[in-house]
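Below: the structure, in structure tokens.
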Amino acid sequence: MSCFTTGVTVVTAHTQGQDWGMTCNSFNTVSLDPAMVLWSVRKTSHSHAAFVKAGGYMVNVLGAQQKDLALKFAQGTQEERFAGQDLVRGIHQHPRLDGVIAWFDCRIAQIVSAGDHDILIGEVLDFGVHTGHGLAYAQRSFGVLAALDE
Ligand SMILES: Cc1cc2nc3c(=O)[nH]c(=O)nc-3n(C[C@H](O)[C@H](O)[C@H](O)COP(=O)(O)O)c2cc1C
């Protein structure tokens, strides 16, 4: 699977009086009408229960300059991950991170158990887009895609 190049997101949620976030590259599109997306969360991750209970999530699509955020949200405590972050709150208080190139504010429409992960299918309630190249991930390295015809 590491040969398949993906973008990189930080998925967040606000529930039980605190913010939760994790780096995620399993994010993908599902449906255009209605707009639906998915990502899969490892069942043994510490934040698994919080993401399921939250009933929704915010997908933050990282820009090419945000490798540090990808690393920060893949380790440490939740307090350490959000320390010093500028946040904007979505419809259900799920946090948007500063400087991302796109965001999707979602409510969980369906949860599909699949092996050691749960697939969290979300309906997009709101979204935003900013200019900039996305951060890419393949073979355990971060990079940036350049168009072949440029
Ligand atoms: C580039 C990258 C992509 C990742 N994608 C996922 C993912 O799609 N689903 C997942 O459960 N974990 C993914 N992880 C691992 C989680 O970010 C990491 O295990 C998580 O932050 C652990 O937090 P927790 O146990 O405190 O919940 C990814 C890590 C990296 C570096």
Residue that is in contact (Cβ under 8 Å) with a residue 24 or more places away in the chain and more than 16 Å from the chain's Cα centre (by Cα), where the choices are 53, 67: 53
Check on residue 85, away from the ligand (no atom under 11 Å from the Cβ), within 10 Å of residue 21 (Cβ to Cβ), touching a residue at least 12 places away in the same chain (Cβ under 8 Å) and more than 13 Å from the chain's Cα centre (by Cα): yes
Criterion violated by residue 111 - all others in (1) out of contact with any Cys (no Cβ under 9 Å at 6 or more places or on another chain); (2) buried (at least 20 other Cβ atoms within 10 Å of the Cβ); (3) under 20 Å from residue 15 (Cα atoms) satisfied: (2)
Tally, over segment 51-80, of residues that are more than 8 Å from the ligand (Cβ to nearest atom) and either under 21 Å from residue 6 (Cβ atoms) or surrounded by 16 or more Cβ atoms within 10 Å (Cβ to Cβ) (or both): 18
Lone qualifier among 122, 128 - being surrounded by 18 or more Cβ atoms within 10 Å (Cβ to Cβ) and under 17 Å from the mean Cα position of the chain (by Cα): 122
Scan of segment 1-19 for residues that are more than 11 Å from the ligand (Cβ to nearest atom), without any contact (Cβ under 8 Å) to a residue 60 or more places away in the chain and among the polar types (S, T, N, Q), ordered by number: 15, 16
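I'm trying to understand the selection: among the residues of segment 20-50, which are assigned to a strand (DSSP E or B) and away from the ligand (no atom under 12 Å from the Cβ)?
Kept after step one, since they are assigned to a strand (DSSP E or B), are these residues of segment 20-50: 20-24, 28-31, 36-42.
29, 30, 31, 36, 37 - these are the residues of segment 20-50 that are assigned to a strand (DSSP E or B) and away from the ligand (no atom under 12 Å from the Cβ).
Every number in this text was worked out from the coordinates using simple rules, so none of it is lab data. These numbers were taken from a predicted model, which means no experiment stands behind them. So basically every Cβ, Gly included, is an ideal-geometry build from the backbone, and we count neighbours across all protein chains shown.
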